[in-house]
Every structure is written in structure tokens, then in C-alpha cells.
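**Q** Dropping a structure here in C-alpha cells format, bear with me for questions.
The values are calculated or read from the model by the stated rules, or taken from the named source; none is laboratory data. Only a predicted model underlies this, so the values are computations on that prediction, with no experimental measurement involved. Positions of Cβ are backbone-derived with ideal geometry, glycine not excepted, and every protein chain shown enters the neighbour counts.
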């Protein structure tokens, strides 16, 4: 038995326990990023039945903001369902994009500080649950996580279920927060 075999065996057991606990992850692939609400609605993920899909669409909608603010807000309002964005939330989003446009791209697979947060094609985002993602599932909430290549810890997107339809809607997002700047803008890179 090797020096680290016990550690590897323990890690494998922990990974199996996580899988068996029902936690999910999913990579949503976009052959082309949706640029309009109508394009988003045409995607199979827009059925709003899977919270992982709704979280991935949230990232996509925020990626549109630097190019078309109005369309991005329409997309986010669709994802919010019966409770559209408040003026405060719209102002917060605008403020987050005042100095940079790369934060939402950092959640796309292949985007790194070294390549100016340029995602690889086909575009994709991986979303996942953690151990406490379903702590409030009985109240109708789930927290989905997504990694940014510019941050050390996953960020969260909280969704709310509408029991009468079984749909999941964006409740709040915590992904428009500071990350490492792209190397092209970093004088110390």
C-alpha cells in the first residue's frame, strides 16, 4: 500500500457518498449564445423545469448585458417569472458592468484571465449542487453553484420553485461580484 492510498480511498468514498446523496451537476452547451429573449425561449433549457438549466441560462443572459442591456433585462425578467427585476436589481446589474464586462464570461468553460475571459466554442457552463444546496428545498428554494475561473470559490444562484407549474425561477444571483482582472488589463501579469 502506497503512502497516499488511504487518502485516495477516503476521497473516492466521499465522492461516492456525494453522488449517492442526490447532488447533481450539469454542463449546458450552447452552440450559439442566445442574444435575444426569443432565442433563449427556443432552447430546450428554457422549459424552466430543471433548476440547473435555469442557472445556466442566468449566466447566458448576463453575458448579453454588455452588448444589449435591454435584451439582457428581458431575458432576466423571463427567468425571474412572476416577479420581475426590481429597479434596485436593475441598478445593481448596471453598476456591476460599469467598470468591466468580463465577469459573466468568467463562468463559461474555457474562459480564463489569461485569455481575457474568452470562452471556448461550443459555449458551455457547468452548474452544480453542493451539500447545502437543498437545505431550503421544503420552502421551495434551491441554491445552484457555478465556478468562475477568476475566483477561488464557487458562486451561487438561488432559484425558487412555483409548485403549481413545477417551474423554477431565478430568485437571486450572487455571481456579479469581483474576480481577478484579465491579464490584458493587469499591469502585474
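**Q** Just the residues that are farther than 15 Å from residue 64 by Cα, out of contact with any strand residue (DSSP E or B) (no Cβ under 7 Å at 6 or more places or on another chain) and buried (at least 16 other Cβ atoms within 10 Å of the Cβ), please, taken from the stretch 27-43.
**A** Scanning the stretch 27-43 gives a single hit, 43.
**Q** Can I ask one more? In the list 56, 46, 60, which residue meets the criterion of being in a helix (DSSP H, G or I), within 16 Å of residue 125 (Cα to Cα), modelled with pLDDT of 95 or more and in contact with a strand residue (DSSP E or B) (Cβ under 6 Å, 6 or more places away or on another chain)?
**A** Values: 46 fails: in contact with a strand residue (DSSP E or B) (Cβ under 6 Å, 6 or more places away or on another chain); 60 fails: in contact with a strand residue (DSSP E or B) (Cβ under 6 Å, 6 or more places away or on another chain).
56 is the lone residue from the list that is in a helix (DSSP H, G or I), within 16 Å of residue 125 (Cα to Cα), modelled with pLDDT of 95 or more and in contact with a strand residue (DSSP E or B) (Cβ under 6 Å, 6 or more places away or on another chain).
**Q** Let me ask another. Restricting attention to the stretch 63-75, which residues are surrounded by fewer than 24 Cβ atoms within 10 Å (Cβ to Cβ), touching a helix residue (DSSP H, G or I) at 6+ places or on another chain (Cβ under 7 Å) and within 18 Å of residue 87 (Cβ to Cβ)? Steps first, answer last, please.
**A** Keep residues of the stretch 63-75 that are surrounded by fewer than 24 Cβ atoms within 10 Å (Cβ to Cβ), which gives 65-74.
With the extra rule that they be touching a helix residue (DSSP H, G or I) at 6+ places or on another chain (Cβ under 7 Å), the set shrinks to 65, 71-74.
Answer for the stretch 63-75, where residues must be surrounded by fewer than 24 Cβ atoms within 10 Å (Cβ to Cβ), touching a helix residue (DSSP H, G or I) at 6+ places or on another chain (Cβ under 7 Å) and within 18 Å of residue 87 (Cβ to Cβ): 65, 72, 73, 74.
**Q** Name the residues in the stretch 156-177 that are in contact (Cβ under 8 Å) with a residue 40 or more places away in the chain, closer than 14 Å to residue 93 by Cα and part of a loop (DSSP other than H, G, I, E, B), would you?
**A** Selection gives 175, 176, 177.
**Q** Taking the residues in the stretch 1-43 that are touching a helix residue (DSSP H, G or I) at 6+ places or on another chain (Cβ under 9 Å) and assigned to a loop (DSSP other than H, G, I, E, B) as candidates, determine which candidate is modelled with the lowest pLDDT.
**A** In this case the residue turns out to be 2.
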